[in-house]
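All remarks here apply to the structure that follows.
The values are calculated or read from the model by the stated rules, or taken from the named source; none is laboratory data. Fair warning: this is a prediction, and the values are worked out from it, not measured in the lab. Every residue, glycine as well, gets a Cβ built from its backbone with ideal geometry; the counts of neighbours run over all protein chains shown.
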């Protein structure tokens, strides 16, 4: 009887220590992946007039072109478009203290309800007249006549890059869609970069 109580105590202790070891290893692996940039959680917060967005430096990526060092950033934004047939949605202002902001990659997508059409949701790139949006009157996906991300640095100077999402189909009464904008860009190594949420 004493040996079965001792065995039970040993098993309970082993189970407890095994759980502690597993939690330690998972925490250590998570910390390592975050430290080397392979895992992250980036919060998107809205501004007064702009949808939820964020900006962060991609620390492990950069370029050298013509002897000039460049660092890389990622800008993300997420919004719901509903109630109109044309949108010029401000995404905020990216201020670059020195040189130009050069977009190197743009993987923005739109999701539209097509439950009354083919069924489900369409998910595709923001690709001008090939972009699918929902006709909110019918819940059928149709193509936009215009859809792109605009970088305008002519408003207050080349340092200020006003970012917009343009989506339109004026033949429809109203468009419904969710848009996720993701842009990667480079700036000169010495430049300071700031996202201003208007």
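Within segment 148-167, restricting attention to residues that are within 16 Å of residue 194 (Cα to Cα) and touching a strand residue (DSSP E or B) at 6+ places or on another chain (Cβ under 7 Å), the residue that is surrounded by the most Cβ atoms within 10 Å (Cβ to Cβ) is 161.
Within segment 134-159, being under 19 Å from the mean Cα position of the chain (by Cα) and under 16 Å from residue 86 (Cβ atoms) holds for 147, 148, 149, 150. Pairs meeting the criteria (first residue in segment 55-70 and over 19 Å from residue 194 (Cβ atoms), second residue part of a strand (DSSP E or B) and modelled with pLDDT under 90, beta carbons under 8 Å, at least 6 apart or on different chains) are 69/62; 69/63. For segment 27-120, the strands (runs of 3 or more DSSP E) that sit wholly inside it and include 1 or more residues that are at pLDDT below 90 and over 28 Å from residue 156 (Cα atoms) are 52-65, 68-84, 109-113. Would you check if there is a residue in segment 124-135 being in contact with a helix residue (DSSP H, G or I) (Cβ under 9 Å, 6 or more places away or on another chain), farther than 21 Å from residue 50 by Cα and buried (at least 17 other Cβ atoms within 10 Å of the Cβ)? No, because not a single residue in segment 124-135 is in contact with a helix residue (DSSP H, G or I) (Cβ under 9 Å, 6 or more places away or on another chain), farther than 21 Å from residue 50 by Cα and buried (at least 17 other Cβ atoms within 10 Å of the Cβ). Considering 145, 107, the condition of being surrounded by fewer than 18 Cβ atoms within 10 Å (Cβ to Cβ) and without any contact (Cβ under 8 Å) to a residue 40 or more places away in the chain is satisfied by 145 alone.
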